[in-house]
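**Student:** Below are the structure tokens for one structure; questions will follow.
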Amino acid sequence: MVTVFTIALLMVIYFVVYLSFTEQDTILDTHEFYYYSHMVESWGLPPDTTKILEDLKNLKMIGGIYFEDQKIWSFPIDFSKEGYLEYSDSKYLGDLYDINITLYVTFGDLNRLPAATVKNGEYKYYLAIDYESPSELMLRIVPASILTLIFMVILFIFIRRYIYPIKLMKHRIFALERGDLDSTISIHGEDELADLSKTINKLIYDIKSLLIKKQNLLADVSHELRSPLSRMQLLIEMLPAHKNTVRLRNEVRYLEQIISNLLLSDKLSIPYKNLELSEVRLPDFVDRIIARIPDSSSKIQVTRDFPDVILKIDSTKMRIAFTNLIENALKYGRSSRLIQITCYIDNQYFFFNVRDFGQGIDTEDLKRLTEPFFRVAKNKKDGIGLGLSITKKIVSAHGGELLINSTLGNGSMFSVKLPISIIIGYK
């Protein structure tokens, strides 16, 4: 933007200055036409070559006289009109400025020398200034380029210095996104940007305070809810055997699960979290997850050997994510076929897939499947609709993506797609 602004500004300045100087040059050119006309008239007809030679030497000029396009006199002897290029004439400029120029005069270029022609009767005079002007490149382009470069450097330094607080704010926002709630923006000056920096610092401090209060509130609420649940569980165990005892235990366990999932979902919803990364061997990790599924051998089929790799992940959170996908497939798949678990690595990503062969999911429901508390209306199984939401947050925290593909009547595929950078070694 600085470069574009600088070039545009210089172009405007150049054209304004150029037009003003062009106007000045044209009136001066008209005056020169007038003086050339009078000088040639003073040489008489036929021309007085002695006076012409005297004037040419005095004016540091060279030239020649042509009659019917044949050279009849020149100074020096080898002077030639060949190569003369005309670019303006006295008739146009004389009419433009209402100046009477008696002879027809043109200005041009003769082999890179400033030149002119004057016609007096049958005689035509070719005159050139014996001076080679600097090239257009050296005269205009190089100095203009140097000035442009200097101006751009000065403007860049000024703008960079002025917007430096914005750069600090940008870095602070990125740090906030990564979970840094403690550092602050350095204050420079007393202008509006300094006031904005102070406001952002205060805003982040307020966010931190609110988050701490929220976490404390959730911890207190969790404790207050779990205490009566623990007492209820104890009382259930003390009750005499009854047909509803199992149902009571399941309801208490369901309430505990709701509390745990709500707390976990809240922690994963904010960016101010740290993953507790550790190294795990993939086959062992998945084996332990499957082993916790009751009667897993009759429900789950591992369709290919898992790559024997070492992953750097938050094993606790990722275990929750994988377990949620497997349990969802078992709970909602509603098929006599075994669910399939596959895992593979391509050039850029690591994939963990869980496939069921149930009735599939409608397109409209598929769009909202990872929203918190959303449940497909036709599924009557127990649950509060947080499993996939939590799984998506865990996968996103690892820099990955949860992919869901489903076809009505042909089941669903849930895929955890993680960057290959989580693989730190092979066995």
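The values are calculated or read from the model by the stated rules, or taken from the named source; none is laboratory data. What you see is a predicted model, and the numbers here were worked out from it, not measured in a lab. Cβ atoms come from the backbone with ideal geometry, glycine included; neighbour counts cover every protein chain shown.
**Student:** If a residue has to be crowded, with 20+ Cβ neighbours inside 10 Å and either outside the structural domain of Cys343 (by TED's automatic domain parsing) or not aliphatic (A, V, I, L, M) (or both) to count, how many in segment 390-405 make the cut? Walk me through how you get there before you give the answer.
**Tutor:** Restricting attention to segment 390-405, the residues satisfying the condition of being crowded, with 20+ Cβ neighbours inside 10 Å are 390-395, 398, 400, 402.
With the extra rule that they be either outside the structural domain of Cys343 (by TED's automatic domain parsing) or not aliphatic (A, V, I, L, M) (or both), the set shrinks to 391-393, 398, 400.
Residues flagged as crowded, with 20+ Cβ neighbours inside 10 Å and either outside the structural domain of Cys343 (by TED's automatic domain parsing) or not aliphatic (A, V, I, L, M) (or both) within segment 390-405 amount to 5.
**Student:** Tell me which residues, restricted to segment 329-341, are touching a strand residue (DSSP E or B) at 6+ places or on another chain (Cβ under 9 Å) and either surrounded by fewer than 16 Cβ atoms within 10 Å (Cβ to Cβ) or modelled with pLDDT of 85 or more (or both).
**Tutor:** Ala329, Leu330, Arg334, Ser335, Arg337, Leu338, Ile339, Gln340, Ile341 - these are the residues of segment 329-341 that are touching a strand residue (DSSP E or B) at 6+ places or on another chain (Cβ under 9 Å) and either surrounded by fewer than 16 Cβ atoms within 10 Å (Cβ to Cβ) or modelled with pLDDT of 85 or more (or both).
**Student:** Sticking with this structure for a sec: If you scan segment 87-107, which residues turn out to be more than 57 Å from the chain's Cα centre (by Cα) and buried (at least 18 other Cβ atoms within 10 Å of the Cβ)?
**Tutor:** Those that are more than 57 Å from the chain's Cα centre (by Cα) and buried (at least 18 other Cβ atoms within 10 Å of the Cβ): Ser90, Gly94, Ile101, Leu103, Val105.
**Student:** Which numbered condition in (1) of a type outside the set (Asp, Glu); (2) out of contact with any Leu (no Cβ under 6 Å at 6 or more places or on another chain); (3) assigned to a helix (DSSP H, G or I) is the only one that Thr102 fails?
**Tutor:** Of the numbered conditions (1) of a type outside the set (Asp, Glu); (2) out of contact with any Leu (no Cβ under 6 Å at 6 or more places or on another chain); (3) assigned to a helix (DSSP H, G or I), the odd one out for Thr102 is (3).
**Student:** Among the numbered conditions (1) hydrophobic (A, V, I, L, M, F, W, C); (2) modelled with pLDDT of 85 or more; (3) over 23 Å from Glu276 (Cβ atoms), tell me where Ile384 comes up short.
**Tutor:** Going through the list (1) hydrophobic (A, V, I, L, M, F, W, C); (2) modelled with pLDDT of 85 or more; (3) over 23 Å from Glu276 (Cβ atoms), Ile384 breaks only (2).
**Student:** Condition first: closer than 19 Å to Asp356 by Cα and crowded, with 18+ Cβ neighbours inside 10 Å. Now tell me which residues in segment 302-318 satisfy that.
**Tutor:** Matches in segment 302-318: Phe306 only.
**Student:** (1) surrounded by 11 or more Cβ atoms within 10 Å (Cβ to Cβ); (2) touching a residue at least 12 places away in the same chain (Cβ under 8 Å); (3) under 47 Å from the mean Cα position of the chain (by Cα): which one isn't true of Arg226, the others all being true?
**Tutor:** Answer for Arg226: the failing condition is (3).
**Student:** Mind checking which pairs have a first residue in segment 186-206 that is over 15 Å from Lys170 (Cβ atoms) and a second that is surrounded by 13 or more Cβ atoms within 10 Å (Cβ to Cβ) and of a type in the set (Gly, Ala, Ser), Cβ under 6 Å, 6 or more apart or different chains?
**Tutor:** From segment 186-206, the pairs are Ile187/Ala194; Ile187/Ser197.
**Student:** I need a count of the residues in segment 260-298 that are modelled with pLDDT of 70 or more and assigned to a helix (DSSP H, G or I).
**Tutor:** Here the count works out to 13.
**Student:** Separate question: Can you report the number of residues in segment 152-189 which are among the charged types (D, E, K, R) and part of a loop (DSSP other than H, G, I, E, B)?
**Tutor:** Counting residues in segment 152-189 that are among the charged types (D, E, K, R) and part of a loop (DSSP other than H, G, I, E, B) gives 2.
**Student:** OK, next. Residues in segment 60-77: is at least one surrounded by fewer than 11 Cβ atoms within 10 Å (Cβ to Cβ), farther than 30 Å from Ser186 by Cα, within 53 Å of the chain's Cα centre (by Cα) and of a type in the set (Val, Ile, Thr)?
**Tutor:** No, the conditions are met nowhere in segment 60-77.
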